[in-house]
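Student: Take a look at the following structure, please.
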Amino acid sequence: MNQIHYTTQDWQQVPAELDWLTPGERARFEAFRFEKRQRDWLLGRWTAKRALLGITGVSDRDISRFEIASAPDGAPLPRLDGRPFLVQLSLSHSNGRALAAVLRSGTELGCDIELIEPRSAGFVETFFTESERVHVEHASASFRDTLVTKIWSAKESTLKALRTGLRADTRSVEVIDDGECAGAGWGIARTIVADAGEFSCLWRLDGQFILSIVTRDPVETPIPSRQTRVRPKIHSCTQGQKPEE
């Protein structure tokens, strides 16, 4: 089976110096008007590059050899030394934390990270299928928020794998929890999409977050990429500004 490498990174791990960006990335970063958008974008790019380091011999100090461009549909397009780097890459961020997953094969890949938090009955009614709503209704009160977040994350990952994102109806994705474990804390689920067939989903708890990774074909338990050393720094997205907490 194919092997996925992944990493999670916090905003505090993103270097203050921006020498790890390519000139094209730096120009795109400076074009964003709002600081939150800058922060989210930087966090996503940094995390994606850390995941790419995990499947190459590129050293940490040469991380700027990678560039994360964007396809017209918004999917990330990795480059190495200015040339397309032929891997599947997906990334996601939530509440100052990001997840990136990378796969060498050509099978579809999508990932998502979500903070576990209360979501209303109206949210479940609007975005979940009937069988998913029943599953939530029968969950214990202590597990409900985790279950709702898990289902939502699996839907988002699947729609990323399809490269449609939330432009599609989330109820077109049916999440089926098999209740098994793939090892190393990863659980197994399936998602079934009308007119697109079945996908394999791996998910796990990561503190107060849910991580999910979806592929068309089954894969081995994801391998965490090597972690970066955190440099002492004070973050500043734009000169003279202090980022919001």
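Student: Of all the stretches in the chain, which is the longest one without any exposed loop site, taking chymotrypsin sites (Phe, Trp or Tyr not before Pro) in a DSSP loop (any state but H, G, I, E, B) with at most 15 other Cβ atoms within 10 Å?
Tutor: Numbers: sites that count: 34, 143.
Longest stretch, sites excluded: 35-142.
Student: Considering the dipole of the chain built from charges on the beta carbon (Lys and Arg +1, Asp and Glu -1) around the Cα centre, which of 142, 58, 3 is farthest to its positive end?
Tutor: Highest projection toward the positive end goes to 58.
Student: While we're here: Projected onto the charge dipole of segment 4-224 (+1 at Lys/Arg Cβ, -1 at Asp/Glu Cβ, origin at the Cα centre), which of 101, 131, 192 gives the Cα projection farthest towards the positive end?
Tutor: It is 101.
Student: Using only the Cα atoms of segment 1-76, what semi-axes does the equivalent ellipsoid have when each is the square root of 5 times a gyration tensor eigenvalue? Give whole Å, largest first. Mind dumping the intermediate values first?
Tutor: Values: eigenvalues 88, 44, 33 Å².
Largest first, segment 1-76 gives 21, 15, 13 Å.
Student: If you wrap a convex hull around the C-alpha atoms of segment 77-176 and split its volume per residue, what is the figure in Å³? All intermediate terms of the calculation are to be shown ahead of the outcome.
Tutor: Values: hull volume 11.5 nm³, N = 100.
In segment 77-176, the Cα hull volume divided by residue count equals 115 Å³.
Student: Determine Rg/Rh for the chain; Rg is computed over alpha-carbon atoms and Rh is the Kirkwood hydrodynamic estimate from the same atoms.
Tutor: On the way: Rg = 18.1 Å, Rh = 18.6 Å.
Reported Rg/Rh, Kirkwood definition of Rh: 0.97.
Student: Normalised by the residues of the chain, what does the relative contact order come to in percent, with Cα pairs under 8 Å and at least six apart? Before the final figure, lay out the partial values.
Tutor: Working: 483 pairs, mean separation 59.3, N = 245.
That works out to 24 percent.
Student: Measuring from a point 7 Å past the Cα of residue 104 along Cα-to-C-beta, which residues in segment 55-80 have an amide N at less than 16 Å?
Tutor: Residues 55-58 fall inside that zone.
Student: I would also like to ask the following. Looking only at segment 33-63, which residues have a backbone nitrogen under 19 Å from a spot 7 Å from the Cα of residue 166 in the C-beta direction?
Tutor: Of the residues in segment 33-63, 34-45 have backbone N under 19 Å from the label point off residue 166.
Student: Ok, one more. If you place +1 on the Cβ of every Lys and Arg and -1 on the Cβ of every Asp and Glu, how big does the dipole about the Cα centre of the chain come out, in debye to the nearest 20?
Tutor: Roughly 1000 debye for the chain.
Quick note: the coordinates plus some simple rules give every number you see, no bench work behind them. Please read these numbers as outputs of a predicted model, since none were measured by experiment. Glycine gets a Cβ as well: all are built from the backbone with ideal geometry, and neighbour counts include every protein chain shown.
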